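Peer 1: Okay, here's the structure, questions in a sec.
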Amino acid sequence: METVVIIRYAEIHLKGKNRGYFEHAFANNLERSLRGLRHELHRTSGRWLVANFEEGKAEEIAERIRSVFGVHSYSIGYLTGASMDEIFEAALLVAPKSGTFKVETHRGNKKYPLNSMEISAEIGGRLLAARHDLKVDVHSPSGTVYIDIRENGALVFGSYMRGVGGMPVGTAGEGLLLISGGIDSPVAAYMMAKRGLSVRLLHFHSYPYTNEGAKEKVVTLAKLLSKYTQTAELTTVKVTHIQEEIHAKCAEELNVTLLRRFMFRIAERFARENGYACLITGESLGQVASQTMEGLTSSNLVVTLPVLRPLIGFDKDEIIDRAKQIGTYETSILPYEDCCTVFLPEHPATRPKLSFTEEEERKLDVAALIEEAMATAEKITF
């Protein structure tokens, strides 16, 4: 009998003839999440087993794989031989010490001589004989003994724990997220990674108007996200000179609108140079002045890559709830300003006219400002 962590996948089983590709990516992501821990990963008929790990490491392994997209559920249990005696020995370890219980059996190996009901009855009877404080309750037991008969033995465990679901990261290509340091963009990264997109991160800063604390905040967010996104790098770009030019030469109410157009151009340049297929933002329709339909359209028109906005229909409370769930909220609310708050006009344009925006933008040397920004790019690996 061996302690194992049992992993079941989510949508991969729907993929038909392409399933092998998704399973391979899923296994690679599991291995990446377990890096640094002694273990073996085995596939067995729609399950993965993490085995041969150090004693006492099961909980840490379970915690790591809990954040891997594609995991539907997982359990800590035992891999035993297929005899009734061996299964009962494991059942004694997972059954409640007292109270009520039931036994549920799944017979994946249809050649096994007993059917599911017979296995459950046999093990349940043995548990009642061994534990006089136990009673059977098939409707609302205080504990359940789960038995999964496989080709190479049996899996015995006491609970199912929910994974994050979704699709394995990397199976939907690569995209570039504009990460600000606020609440929204980390949630957008999480949601796109859940759909299998490999999310790379790009952050704009306005040093010295924004300080090193603001930059470190984004680095911390990137580290928190890495357990979901499977990436461990962040690129930062300085846009102080662009903001100063906009502030000096253009209509004040367009400060944010024009800055965002520059950000999108720079982001698309990075994306194309690195083979990323799309841009991603944490924008939510109508949340702030730059996120009206007119503002979003103004940004979209300067790029040709698709711009994905997974939060577009979310309200703020929904985004906050998701940020708390994934563990980024407390970092996101740290009081460090991002570049969009620099030179923030008292009355920013909420419905900027495209003709006026383009007229004001012609006052700037767009190409030269972008080249200067590109030269400040810094890649941070962690």
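Peer 1: If you scan segment 193-203, which residues turn out to be surrounded by fewer than 23 Cβ atoms within 10 Å (Cβ to Cβ) and outside any strand (DSSP E or B)?
Peer 2: Going through segment 193-203, the residues surrounded by fewer than 23 Cβ atoms within 10 Å (Cβ to Cβ) turn out to be 194-196, 198, 200, 202.
Once the filter is applied, which keeps residues that are surrounded by fewer than 23 Cβ atoms within 10 Å (Cβ to Cβ) and outside any strand (DSSP E or B), segment 193-203 yields Lys194, Gly196.
Peer 1: Could you say whether any residue in segment 13-21 is buried (at least 19 other Cβ atoms within 10 Å of the Cβ), at negative phi and either in the same structural domain as Ala130 (by TED's automatic domain parsing) or out of contact with any Leu (no Cβ under 9 Å at 6 or more places or on another chain) (or both)? So that I can check it myself, show each step before the final result.
Peer 2: Start the filter on segment 13-21 by keeping residues that are buried (at least 19 other Cβ atoms within 10 Å of the Cβ), which leaves none.
Checked against the condition, which is being buried (at least 19 other Cβ atoms within 10 Å of the Cβ), at negative phi and either in the same structural domain as Ala130 (by TED's automatic domain parsing) or out of contact with any Leu (no Cβ under 9 Å at 6 or more places or on another chain) (or both), segment 13-21 yields no hits at all.
Peer 1: Something else about it: Sort out which residues of segment 283-321 are of a type outside the set (A, V, I, L, M, F, W, C), touching a residue at least 24 places away in the same chain (Cβ under 8 Å) and outside any loop (DSSP other than H, G, I, E, B), and write them in order of number. Explain how you work it out, then say what you get.
Peer 2: Step one: filter segment 283-321 for residues of a type outside the set (A, V, I, L, M, F, W, C), giving 283-284, 286-287, 290-292, 294-295, 297-300, 304, 306, 309-310, 313, 315-318, 321.
This time we only want the ones that are touching a residue at least 24 places away in the same chain (Cβ under 8 Å), so: 283-284, 287, 290, 292, 294-295, 297-300, 304, 306, 309-310, 313, 315-316.
Residues satisfying the conditions are Ser290, Glu294, Gly295, Thr297, Ser298, Ser299, Asn300, Lys316.
Peer 1: Additional query: Of all residues in segment 137-179, which are in contact with a Pro (Cβ under 9 Å, 6 or more places away or on another chain), surrounded by fewer than 18 Cβ atoms within 10 Å (Cβ to Cβ) and not in a strand (DSSP E or B)?
Peer 2: Residue satisfying the conditions is Ser142 alone.
Peer 1: A follow-up question, please. Take the residues of segment 255-308 that are under 26 Å from the mean Cα position of the chain (by Cα) and of a type in the set (Val, Ile, Thr): which is surrounded by the fewest Cβ atoms within 10 Å (Cβ to Cβ)?
Peer 2: The extreme case among them is Val288.
Peer 1: Only one of Gly77, Gly46 is over 20 Å from Ser226 (Cβ atoms) and at pLDDT below 95. Can you tell me which? Break it down into steps so the answer makes sense when it comes.
Peer 2: Working: Gly77 fails: at pLDDT below 95.
Criteria check complete, one pass: Gly46.
Peer 1: Any residue at all in segment 312-330 that's surrounded by fewer than 19 Cβ atoms within 10 Å (Cβ to Cβ), modelled with pLDDT of 95 or more and farther than 17 Å from Met191 by Cα?
Peer 2: yes
Peer 1: Right, here's the next one. So, Tyr78, is that one in the same structural domain as Lys135 (by TED's automatic domain parsing), aromatic (Phe, Trp, Tyr) and either surrounded by fewer than 16 Cβ atoms within 10 Å (Cβ to Cβ) or on the phi > 0 side of the Ramachandran plot (or both) or not? Break it down into steps so the answer makes sense when it comes.
Peer 2: On the way: in the same structural domain as Lys135 (by TED's automatic domain parsing): yes; aromatic (Phe, Trp, Tyr): yes; either surrounded by fewer than 16 Cβ atoms within 10 Å (Cβ to Cβ) or on the phi > 0 side of the Ramachandran plot (or both): no.
Judged against the criteria, Tyr78 is not a match.
The values are calculated or read from the model by the stated rules, or taken from the named source; none is laboratory data. Since the structure is predicted, the reported quantities are computational estimates derived from the model, not experimental observations. Glycine also receives a Cβ, built like all others from the backbone with ideal geometry; neighbour counts cover every protein chain displayed.
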